[in-house]
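Notes for the one structure printed next.
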Amino acid sequence: MTIDPGRRRGMPPFHMDLTAIYAPIRDDLDELQNLLERELITPDPFIGELVRHVLSTPGKMIRPALVCLSAKVSGGAAEARLWIAGAVELIHVASLIHDDIIDAADTRRGTPTVDVQWGNQIAVLLGDYLFAKAFDLLSRVRNPEVSLAMAAASVQMSQGMIMEVKYGSQAHDDEGMYFQIISGKTAHLFSAACRAGGLAAGNRWAADALGTFGQEWGMAFQITDDALDLTSQAEQLGKPIHSDIRGGKTTLPLIHALRTAGPADRNRLLDLLAGPLRDGQMNEVRGLLSRYQGIEYALEVAGGYSRRAAESLTPLGGGPAKDSLLKLTEFVVVRSR
């Protein structure tokens, strides 16, 4: 699959319909929403209000979809797949709540963030509650390897987020550091989600292939996400545009520009990244990224990860679930967020 980076500055070259991709597991995702409502709603009206806020703004449900597709392509996994899918989604949502505190974000998916609406204390505790419920769900899965995989991914995610705050918030041109950060904070959870689906189905060799798929796909997902932060329009994003760069995060387009720019442009870019960016300065940053093809480079790297994700599925049998996983390797690099 060849991606034309030049076509990514506006809308994607074609529309990738997640509804069609999710068709083999549509019933699973509907039941998952019911399961989360049953598990999270409590008699306490305030906690109920918080939970309704979280459940009222679902994202693309990509992580739980990957669990269910992985279980299906591996032979099925009865009710366990829904517990795992619910746990993965709650871990993800909890991390977003904590992310919004760190980033001082005002909105998430078009609605006020938890910390804006109820304060940092409640936001931290709600994130903790969701983490706890996630591992409560995992405790019901009668396969210790599933819990081990999800626990390890959660550790890696926390480490990656800490590294991002410490190292990723300082302008640098170290690709290795960037890949280490996004592998921890993003890709490991995707890998664990896919691997857990295979394990729950009792198919170890499929689980290994799916774990590789999830790791490669997760890297492509995060690199593309970072590029989209610099190219998308406000109505396409689940958070304000340019939030990553304005928050001081050094992503792959910036790293490539810093590595390839001439001395004068490199120093100017470093000066711009050293302080809060005004609108005019943001345009200057985007001009420098365009001059050194930072976005194009990042999308080409993401395309490589996407192709490797597709290749990792070769040992698995055919069928609608595998077709959907392959379509997701296209979706990951052509989505609008």
Worksheet item: If the viscosity is 0.692 mPa s and the temperature 37 °C, what translational diffusion coefficient in µm²/s does Stokes-Einstein give for segment 182-337 when Rh comes from Kirkwood over Cα pairs?
Response: 195 µm²/s
Practice prompt. Specify which residue in the list Val114, Val301, His188 is farthest towards the positive end of the charge dipole of the chain, using unit charges on the beta carbon of Lys, Arg (+1) and Asp, Glu (-1), about the Cα centre.
Written response: Val301
Worksheet item: For segment 145-162, in order, what is each residue's ³J(HN,Hα) by Karplus, 6.51 cos²θ - 1.76 cosθ + 1.60 with θ = phi - 60°, in whole Hz (x at glycine and Pro)?
Response: 5, 5, 4, 5, 5, 6, 5, 4, 5, 5, 4, 4, 4, 5, 4, x, 5, 5
Worksheet item: Given labels modelled 7 Å from the Cα in the Cβ direction, how far is it in nm from Asp323 to Asp279?
Response: 4.7 nm
Worksheet item: Using the Cα atoms of segment 5-334 to build a convex hull, what is its mean projected area in square nanometres?
Response: 15.9 nm²
Fill in: Kirkwood-based Rg to Rh ratio, segment 259-331, C-alpha trace
1.26
Worksheet item: Amide H of Thr107: which non-local residues (sequence gap of 5 or more, or other chain) have their own amide H closer than 5 Å, using H built in the peptide plane?
Response: Thr113
Worksheet item: Across bins of 5 angstrom width beginning at 0, how are the C-alpha pair distances of segment 74-195 distributed, in whole percent?
Response: 2, 11, 18, 19, 18, 15, 10, 5, 2, 0
Worksheet item: Any idea what the dipole of segment 5-334 comes to, in debye rounded to 20, about its Cα centre with Lys/Arg Cβ at +1 and Asp/Glu Cβ at -1?
Response: 520 debye
Discussion item. Just want to confirm a number: the relative contact order over the chain, from Cα pairs under 8 angstrom separated by 6+ residues, in percent.
Written reply: 23 percent
Item to complete: Kindly provide the helix-only [θ] at 222 nm of the chain, computed as the sum of -39,500 (n - 2.57) over DSSP H runs of four or more divided by all residues, to the nearest 500 deg cm²/dmol?
Response: -22000 deg cm²/dmol
Worksheet item: Any idea which of Pro315, Gly48, Val146 is furthest toward the positive side of the dipole for segment 5-334, if Lys and Arg beta-carbons carry +1 and Asp and Glu beta-carbons -1?
Response: Pro315
Discussion item. Order these by the 10 Å Cβ neighbour count, fewest first: Val67, Val334, Val73, Val114.
Written reply: Val334, Val114, Val73, Val67
Worksheet item: Where in segment 92-127 does the label zone of Ile47 land, with the point 7 angstrom along Cα→C-beta and an amide N cut-off under 15 Å?
Response: 122-123, 125-127
Discussion item. Using the basic label-point model (7 angstrom from Cα toward the beta carbon), what is the Asn120 to Ala104 distance in nanometres?
Written reply: 1.0 nm
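Values in this text are rule-based calculations from the coordinates and carry no lab data. Everything numeric in this text was worked out from a predicted model, so none of it was measured. All Cβ positions, even for glycine, are placed from backbone atoms using ideal geometry, and neighbour counts span all protein chains on display.
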